[in-house]
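Remarks on the structure that follows.
No lab work stands behind these numbers, since they all come straight from the coordinates. Remember, it's a predicted structure, so these values are computed and weren't measured experimentally. Cβ placement follows ideal geometry from the backbone for every residue including glycine, while neighbour counts extend to all protein chains displayed.
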Amino acid sequence: MASADQPNSQETNNNNVIIITRMDSKLFKAAINGEIQVFKNQLQHEQLLTPEKNTVVHVNIIATKTSTHNNTTTFLEGILEMCPQLLLQTNARGESPLHLAARYGHDLIVEFLIHRAKLLEPSDLEKAILGGVDSSEVVQHMMRLRNKELDTALHEAVRFNHLKVVRILTREDPHFTYLANEADETPLYMAVGAEYLDLLLDLTKQADKDGLIPLHHAVMSTSSNTLEIVKMLLEKDESSAYFKDKNGSTALHIAASNTFKGYKLVKEILSKCPDSYEVVDDKGRNLLHHVARTQNLSSFKLISDHFPLISNYLLNRKDNEGNTPLPHMHATSTWYPQKVDTMAYDLDYNEYNSREQILSNAKKRKIERKEKIRARIANFRESTLVAAALIATVTFTAGFTLPGGYISDDKVGHGKQQQQGSAVLRNNTAFQVFIITDTIAMVLSTTSVFVNLFLTIASFGEDAKEEFVSNYIMSMNLAIFALGFMVIAFVTGTYAVLSLSNALAITICVIGLSFFVLLFFITKSKFKRVDFTNFGKLKPVIIVG
């Protein structure tokens, strides 16, 4: 029997000769055409294999995909009667007959294979090498067989949107959907990603290994059709809005944390299930706690304005750690002070501040933080401009004060023909590296200066922030590379003029190149994270040092 662990369809004998299995052409054609009579006089049907280790059962199911006649199980009934172990035999890719039947959407064949598995006798199980598997568990074993990509038959059915097959498989094994493949994709995740609405509507309460049902997956999706999918799932089964995953989070909690369409998703769920906001997760966090974690003030305010009952009910509700939503926002925020007076937020709602005042103060602090970030970025930009200009000046000067000097008048005509004013060391390899790296450093640094200056006149329009960040990062990278090439130019230039004294030349090279080692350790210890990628959204840049 070909096992799922077999790496490929080739085998090697003791003489290191590669052996490729093949099936007799008459038998192969008979399997395609479903001619069972041809196989009645054959022995050891399990050894009739194609190069990919497909059995006659595999071949017949594959052929049915393009066959003009209706799905038929006549051939399968006959061949499995002769050789029952073919039911569970896998090919070189680890695919069982059920995998192929599910992939091609042959619901009648899937039904037959499951029925046939229930009829396997103990002797058949032994032949199929299923020691320890009870006859009552053989169907589950067959349905949960995985191929080389760890896909089950249900993965195949979902991937190719075969609803009838999915219904058959989930009916036989209701807990089947939690299995994930090599890419960590469960069938539910795949159905949401491919927007197979018929499948999703049929699996509204099927949970995966993380306790996530289709509604959970839908609110996490960034698809443009996310809202429509959520609407359809809720219309099919409103109770799914109250289902919790393994962390105790409902779809409402996950939607609140979705920065893509969070508010719209929350609004849709609350319109269908208005009391679902009362459900808390395993940490005691309610809807507003989850909104606060996203640092999204606009969503927080929209929910508070449009659902005042929810706001009044949840604003001062504490989680298991004693945090109400707004102090929780402080505790997880990168733009709020970390020290928070939780007493201020736990006072009675009407005795302290209105919701609008609290949000207004939060927005004011956020604006102040943005201004500090802008000032810091401006300082970075100025430093980069100065550094790039200095490198350009040094490398430009070095290009005309070459190491070794020039050929003067009194040396022209002596020995080999020499041109007055040319470099003395022009044929020296180290000198050639010097002049090349010096030129590269000059070009990179001058380009950096240009890009930096270009920031002030070209970053306008809707994408101004993104353009500014992109141009600044480009300028900074150019300056860094220019600095590196300048160091290499110095080292090679020094080596060229000291080549007659190897010890001194090598010492200078080692000292010069230690720059890169020092640079590595300094940057590693001083900068934990420099993040300019989110400056377009004016998120903080954290610099530790």
TODO: Calculate, for L227 and H306, the FRET efficiency according to 1/(1 + (r/R0)^6) with r their C-beta to C-beta distance and R0 25 Å; round to the nearest 0.05.
DONE: 0.95
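Would you please give the FRET efficiency between E368 and D184, computed as 1/(1 + (r/R0)^6) with r the Cβ-Cβ distance and R0 = 25 Å, to the nearest 0.05?
The value I calculate is 0.05.
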- [ ] Figure the gain on full extension for V38 and E77 (residue separation times 0.36 nm, minus the Cα-Cα span) and round it to one decimal in nm.
- [x] 12.6 nm
Open item on the list: At a 10 Å Cβ-Cβ cut-off, how would you order V166, V279, fewest neighbours first?
Closed with: V279, V166
- [ ] Order the peptides 94-104, 207-217, 375-385 from the highest to the lowest mean number of other Cβ atoms within 10 Å of their residues.
- [x] 94-104, 207-217, 375-385
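Between L119 and S239, 0.36 nm times their residue separation minus their Cα-Cα distance comes to what?
39.4 nm
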TODO: Obtain the nm distance between the two label points defined at T439 and F516 by a simple spin-label model: each point lies 7 Å from its Cα along the Cα-to-C-beta direction.
DONE: 2.2
Open item on the list: Quick check on my link table: of K246/K318; K26/K148; K244/K267; K267/K370; K209/K236, which ones sit more than 26 Å apart, alpha carbon to alpha carbon?
Closed with: K26/K148; K267/K370
Open item on the list: Between L150 and E52, how high is the FRET efficiency from 1/(1 + (r/R0)^6) when r is the Cβ-Cβ distance and R₀ = 22 Å? Nearest 0.05.
Closed with: 0.75
Task: Potential lengthening between S422 and N502 on full extension [0.36 nm per residue; Cα-Cα distance subtracted] - done: 26.3 nm
